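Here the structure is laid out as C-alpha cells; the discussion comes afterwards.
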C-alpha cells in the first residue's frame with residue numbers, strides 16, 4: 001500500500017503541484033512573517049545599542065502622565081540646578097544637558113518634509129557626541145543650524161543655504177552652517193530628520209523654557225560601574241527623577257519596538273491563517289475530486305483485500321507527502337520573502353537601518369512544517385473517510401460518484417452558522433477579539449456547509465446570463481452538475497471577499513456617521529487644524545492667532561482648544577482646555593445633562609455623561625487632575641454634558657489649565673461665519689494668518705470631514721492588499737477544480753469534439769463554467785460580508801456608528817473582479833481541454 005500510494009502521488013505531478021500550491025503560499029506567509037520580524041527585531045536592538053553607546057547614565061524627570069512614553073519627556077523640566085547636582089555626584093566624568101524636541105523642516109515646495117514614521121528632531125549641538133561634521137561648522141549663532149546628512153539629501157539643503165523650520169513657535173528661517181553624519185558613515189541612525197541648534201535657541205524653540213533640559217547624559221569616570229553611578233545619582237536626586245543606564249535605555253527602547261513588531265507579526269499571522277483557512281477548502285476539494293476520480297481504482301484495492309484503515313492511510317499518507325513537500329517549498333519561499341521585505345523596510349529612511357544577518361529562528365521551521373502538514377492532513381480527513389467507505393463492488397460500476405443527500409451538511413451548516421453568529425454578536429458587544437475570530441471561523445464553515453443546498457439553483461440562474469450559445473449552456477450545466485464541488489470552490493473565494501466586504505461596510509458606515517454628525521450637529525463653518533499626531537501633537541498654533549481670527553471680517557464666533565492626556569483620579573483621560581465654553585456649546589449643539597451649561601470658573605471642569613457614569617461623578621463632585629506639567633490639582637465638576645457624537649469622552653477644563661499641558665498651543669479652532677457672509681470669502685481672509693505654518697490648514701466643514709474619512713480609505717487599502725493573498729489562493733482553487741474536472745471529463749470532452757465542437761467552443765464552455773463559479777463565490781462573499789458588516793455596525797452603535805453605509809460601488813467592483821478572475825482562472829484548463837487528442841480522449845478510462 002505504501003508503494004502504491006507513493007507511485008500514485010508521483011504519477012500525477014500536476015495534481016501534486018496544484019493541491020500543494022495553496023499550502024505553499026500559506027506557509028510562505030507564516031514563515032516570511034517570522035523571518036521579517038526576527039530580522040527587524042535584532043536590527044533595532046543593534047540600532048539602539050549604537051544610539052546609547054556613549055551614554056552610561058541618563059537622567060530625566062518622571063512623566064507625570066503616562067509611564068514610559070518618551071514623548072512625555074519633551075516637557076523639559078530639568079534645570080541648571082539639576083545639572084549642577086548631577087555634576088557633583090562622585091564618579092561622573094562628563095555631564096551634558098540634552099535638549100530634544102520636535103523640529104519640522106519645510107522643503108522647497110513650502111510643505112513640511114515627512115518621514116515613514118521616524119521622528120523629526122531638533123537638538124542642541126554638543127561637541128564630542130556621535131555627530132560627526134562632514135561639511136561646514138557647528139551652529140555658532142542663534143540663526144544657524146547644523147543638519148543631518150539624511151535631512152540634507154531629503155530636503156536638498158546644502159551649507160550656506162536658508163531653510164525654514166516649525167517648532168513650538170511659528171516658522172523661522174535659519175542658515176545651514178554644517179552637515180553631519182554618524183559613525184559607520186551613516187546619514188542618520190534610524191531614518192530621522194535631525195536639526196541641531198545652539199543651546200539657547202534649542203531651549204526656547206523646542207522646550208519653550210530658557211535654561212531647561214529634556215534629559216542629562218552622564219559618562220562615568222574610569223573604573224566606575226554604570227549601575228553604581230546610576231544608584232548614586234538616583235540617591236542624590238530622589239524618586240521624582242528617572243535615572244537609567246545606557247543598557248537599560250537600549251533594552252527599553254528595543255522592547256517598545258518589539259511590542260510594535262509583535263503586533264505587526266500577529267497581523268501578518270492572522271492573514272496567513274486566513275490564507276491557510278482558504279487553502280483547506282481547496283485541498284478538501286482537491287482530495288474529494290481525486291477520491292471520486294479514483295473510485296474504481298480504490299474499489300479494486302478493496303477487492304484485493306485492502307482494509308478500510310489502509311484506505312484511510314492511503315489518502316492521509318498522500319496528504320502528508322503533499323504537506324511535507326509544500327512545507328519545504330513554502331519555508332524556502334518564506335525565507336526569501338522575509339529577507340526581501342526586511343531589505344525593503346531598511347531602505348525606508350535612506351537605508352539608515354542596517355540589517356543584521358538574515359536568520360531563520362527555530363519557531364519559523366517548526367511553524368512551517370506544523371502548519372503545512374497539519375492543514376493538509378486536516379483537509380484530507382473527510383475525503384479519506386469517504387475513500388474508506390467505497391465498496392469493492394464499485395469497481396464494476398461505470399458511474400462511481402452518485403449524488404448523496406445534502407440533509408446532514410445542511411443541518412450541520414445551519415447549526416454552525418447560528419453558533420458563529422452568536423459568538424460574533426458576543427464578541428462585538430464585549431469587544432472580545434478571540435470570540436470574534438472564533439465566530440468568523442465557525443460562521444464561515446457553517447456557510448460553506450450550507451452552500452451546496454443553494455449552489456444548484458443560484459448557479460443555474462447565474463449561468464443563464466452567460467448561456468447564449470450551446471457551449472455556454474454546457475458550461476452552466478457543468479458548474480451545476482456537482483453542487484458539492486462547486487460549493488467548496490466558491491466557498492474558498494467567498495472567505496476573502498466576505499472579509500473585505502465586511503470591513504468595507506464598517507468603514508463606509510464610519511464615514512457616513514462622521515458626515516451625518518458633522519452636517520447635523522456641528523454648526524462650525526470653518527475648522528483650523530493640522531496633521532496632529534494626537535493630543536498635544538506637532539501641528540499646533542499660537543493662541544494669538546485665534547484672537548486675529550475672531551477679528552476677521554465675516555467671523556461671527558470662534559473658539560479653540562488645547563489638548564493633552566491627563567490623569568483623572570489616577571486614570572488616563574482625554575483633556576481639553578477650551579477658550580470659550582458657551583461658544584463651543586452653540587457650535588456643537590451641546591446640552592447639559594446635569595447642572596447648568598456655563599463658562600468654567602477656575603477650579604471647575606465639565607465631563608461627558610458616559611465618563612461621569614463610569615467614575616460616579618455629578619455636579620459638585622471633586623476629582624484630582626494631573627497634567628503633564630505641574631502638580632495634581634483638585635477640580636470640582638461644574639456640569640455634566642449630555643452624550644453626543646461630536647465631543648466624545650472628554651474632560652473640559654478651563655483655559656488656564658493649558659499652562660500645565662505638554663504643549664501650550666492651540667490644537668484646533670472652530671469658526672462660525674456671520675449670517676449672509678460667504679464661507680469661501682472668510683476662509684480666504686483667514687488663511688493668510690497661518691501662512692507661516694504650512695502644517696495648519698483652514699477648511700470648510702465638508703473638506704474637513706473628507707480629510708478625516710480619507711484615513712479610513714488607507715486602512716481599507718492595506719486590508720485589501722493583505723487579503724489579496726487569500727483571493728489569489730481562491731483563484732488557484734478555481735484553476736485546480738477546473739483542471740481536475742477536465743481530467744475527470746476527458747472522455748466526455750473527446751466525445752463533444754468528435755461530434756463537431758470546435759476548440760474555441762470548448763474553451764468558451766470551460767470559461768463559462770469558471771466565471772459562473774467565481775461569480776457565485778463573489779455573491780456568497782458579498783452576502784456574508786454585508787451581514788458581518790451590518791452586525792458589527794449595529795454592535796458598535798454606542799461607539800459612534802450612528803448610520804449604516806453600504807459601499808455599493810465597491811461591492812460592484814468586487815463582483816466585476818470576480819468575473820475577471822473567472823476568465824483568468826479558466827485560461828490554462830481551457831487550453832488543456834482544447835488540446836485534447838480526440839481519439840485518445842474517447843478511449844480514456
*Could you check, for segment 50-67, whether at least one of its residues is part of a helix (DSSP H, G or I) and modelled with pLDDT under 80?*
yes
*Within the bounds of segment 282-304, is there any residue that is in contact with a strand residue (DSSP E or B) (Cβ under 8 Å, 6 or more places away or on another chain) and either under 30 Å from residue 53 (Cα atoms) or crowded, with 22+ Cβ neighbours inside 10 Å (or both)?*
no
*Taking segment 707-722 as the region of interest, how many residues are surrounded by 15 or more Cβ atoms within 10 Å (Cβ to Cβ) and at pLDDT 75 or above?*
4
*For residue 262, indicate whether it is at pLDDT below 85 and in contact with a strand residue (DSSP E or B) (Cβ under 6 Å, 6 or more places away or on another chain).*
no
*Picking from 833, 825, 819, which residue would you name as being surrounded by fewer than 19 Cβ atoms within 10 Å (Cβ to Cβ) and part of a helix (DSSP H, G or I)?*
819
*Among the residues of segment 432-442, is any surrounded by fewer than 21 Cβ atoms within 10 Å (Cβ to Cβ) and at pLDDT below 75?*
yes
*Of all residues in segment 795-826, count the ones that are over 21 Å from residue 723 (Cα atoms) and touching a residue at least 24 places away in the same chain (Cβ under 8 Å).*
9
*Out of segment 580-598, which residues are outside any helix (DSSP H, G or I) and either in contact with a strand residue (DSSP E or B) (Cβ under 9 Å, 6 or more places away or on another chain) or buried (at least 19 other Cβ atoms within 10 Å of the Cβ) (or both)?*
580, 590, 591, 592, 593, 594, 595, 596, 597, 598
_The conditions are (1) out of contact with any helix residue (DSSP H, G or I) (no Cβ under 6 Å at 6 or more places or on another chain); (2) loosely packed, with under 14 Cβ neighbours inside 10 Å, and residue 652 fails exactly one of them. Which is it?_
(2)
_Filter result (at pLDDT 80 or above and buried (at least 18 other Cβ atoms within 10 Å of the Cβ)) within segment 342-366_ = 342, 360, 364
_Criterion: more than 22 Å from residue 527 (Cβ to Cβ) and surrounded by fewer than 19 Cβ atoms within 10 Å (Cβ to Cβ) - qualifying residue of 547, 569, 556_ = 569
*What about residue 549, is it touching a strand residue (DSSP E or B) at 6+ places or on another chain (Cβ under 7 Å), in contact (Cβ under 8 Å) with a residue 24 or more places away in the chain and part of a helix (DSSP H, G or I)?*
yes
*Can we say residue 218 is crowded, with 23+ Cβ neighbours inside 10 Å, out of contact with any helix residue (DSSP H, G or I) (no Cβ under 7 Å at 6 or more places or on another chain) and at negative phi?*
no
*Within segment 237-245, is there a residue that is part of a helix (DSSP H, G or I) and either crowded, with 19+ Cβ neighbours inside 10 Å or over 24 Å from the mean Cα position of the chain (by Cα) (or both)?*
yes
*asked:* I'd like to check which strands (runs of 3 or more DSSP E) are fully inside segment 95-179 and have at least 2 residues that are surrounded by fewer than 16 Cβ atoms within 10 Å (Cβ to Cβ).
replied: 132-136
*Selection count, segment 612-649, where residues are under 30 Å from residue 797 (Cβ atoms), out of contact with any helix residue (DSSP H, G or I) (no Cβ under 8 Å at 6 or more places or on another chain) and crowded, with 20+ Cβ neighbours inside 10 Å*: 3
*Of everything in segment 793-845 that's under 19 Å from residue 739 (Cα atoms) and under 28 Å from the mean Cα position of the chain (by Cα), which residue is modelled with the lowest pLDDT?*
821
*Just a yes or no: is a residue in segment 310-333 over 29 Å from residue 733 (Cβ atoms) and either free of Cβ contacts under 8 Å to residues at least 40 places away in the same chain or not assigned by TED's automatic domain parsing to the domain that holds residue 391 (or both)?*
no
_Unique residue being at pLDDT below 85, touching a helix residue (DSSP H, G or I) at 6+ places or on another chain (Cβ under 9 Å) and surrounded by fewer than 16 Cβ atoms within 10 Å (Cβ to Cβ) when the list is 392, 383_ = 392
*Of these, 724, 730, 739, which one is within 18 Å of residue 768 (Cα to Cα) and within 26 Å of the chain's Cα centre (by Cα)?*
730
*Restricting attention to helices (runs of 4 or more DSSP H) lying wholly within segment 687-806, give those where 2 or more residues are within 30 Å of residue 172 (Cα to Cα) and out of contact with any helix residue (DSSP H, G or I) (no Cβ under 7 Å at 6 or more places or on another chain).*
701-744
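The values are calculated or read from the model by the stated rules, or taken from the named source; none is laboratory data. As the structure is a computational prediction, the values presented were derived from the model and not from experiment. Don't worry about glycine lacking a Cβ; one is built from the backbone with ideal geometry, like all the others, and counts go over all protein chains shown.
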